[in-house]
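A short write-up of the structure that comes next.
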Amino acid sequence: MPGIHRLLVVLLPLLASVVAHKEPKTTQEVEVQRALQAAAYHCAPAIEQFTAARQRSWAQKVLAGRPSLPGYEELFAAGTYADSIAPAPNGDQTMMGCSPVKETRIQNNSCVLTPVVTEGPYYHKAGHPIRQNIAELEDGLLLLLDIGVIDVETCKPLPNVLVDIWQANATGHYAGHPTPAPHLVDEQPQVGGKRAGLLSAFPRTNEHETFLRGAWPTDANGVAQFTTIFPGYYTGRATHIHAKVFPAWTTHPNGTFSAERLLHTGQFFFDDAINVRVDNMHPYTENPIRHTRGRTRNWRDSLNIFEDSHGPEREYNPVFKLDFLGGVIQQGLMGYITMGINASATVDNFWKG
């Protein structure tokens, strides 16, 4: 590990010059990724214990006999379940009496600082609310997210960093971007190449919309939790959720924040087997491209974003580990993932068009 630390000390200051999807990737960029990969693998046992403990904690809360979840901002409020957590009488834990709760092996399920992937055109640098429940009035399959952040320099959870996420709704639209530009209404997706299947980004025409956007700081245990819906899909992209991590931010009177220094930009994905099931639920069945272009599978994701998220040697897994909240998928899902972050690095990856 000392060798890894030495390599990180040399390479991490170079991260400020690394730009997402620059072609071709330089030897320097690959070495930065490999150094962080080595650091993340050193942390793999700590990450596995970290995630397993979070899964046990969540299972205990569900097993405590709360048939209805608390609503909106209080969903994950501190102390919500403090008086009601109790072990199962026989020592066996079964979620909702149906689905077994297991200590899932994480298999280094971490999305490390690099590879950095593009934030895409739908991030709002100003106006993202600080909140845990980001669903607003959007209909869809309940999805609870448990996102852990570990510092790869110490292999310990990283408290008080801001995890900022945003995603498409069930029919594939982002808040603020409902329609294509007037002159591109009849645009067809690109054929062939890395941008295969993509359309030009829809412009921001609804400034007031904020659904499925929000940020929350990690707690003392390095965890940020969110309430949302399973994301929909749109032309050319695999089903995904975007994420950024900021070490410092300014809160504004309207409940939004601004931040400059960026630690990480990435995207999380879902197993295609789950995507196929959700495709057949309402309102996902109302996606306007369902019967024409359809959903892009992970392995066909445009810009190679799904592939790039696995790193140069495909050693990362940017796919959420999912548990059922009940006995059937329609009752909702709980997704776990852990990001490895180097808290002393800075990445300049704000979308530049």
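Can you pull the semi-axes for region 112-167, root of five times each eigenvalue of the Cα gyration tensor, sorted largest first, whole Å?
24, 16, 12
Restricting the calculation to Cα positions, tell me the Rg (one decimal) and the Dmax (whole number) of region 270-353 in Å.
When restricted to the Cα atoms of region 270-353, Rg and Dmax are 16.3, 47 Å.
Can you put Met339, Met281, Met334 in order, fewest other beta carbons within 10 Å first? Mind dumping the intermediate values first?
Details: Met339 29, Met281 14, Met334 22.
The order, fewest Cβ neighbours first, is Met281, Met334, Met339.
May I ask for the net charge around Gly127, where only other residues with Cβ less than 11 Å from the Cβ of Gly127 are counted and Lys, Arg are +1 while Asp, Glu are -1?
+1
In what sequence do Arg290, Arg297, Arg237 fall when counting other Cβ within 10 Å, fewest first? Could the numbers behind the result be given before it?
Values: Arg290 17, Arg297 14, Arg237 21.
The fewest-first ordering by Cβ neighbours comes to Arg297, Arg290, Arg237.
Read-outs: derived from the displayed coordinates by stated rules, not from any lab. Only a predicted model underlies this, so the values are computations on that prediction, with no experimental measurement involved. Here the Cβ is made from the backbone with ideal geometry for all residues, glycine too, and neighbour counts use every protein chain on show.
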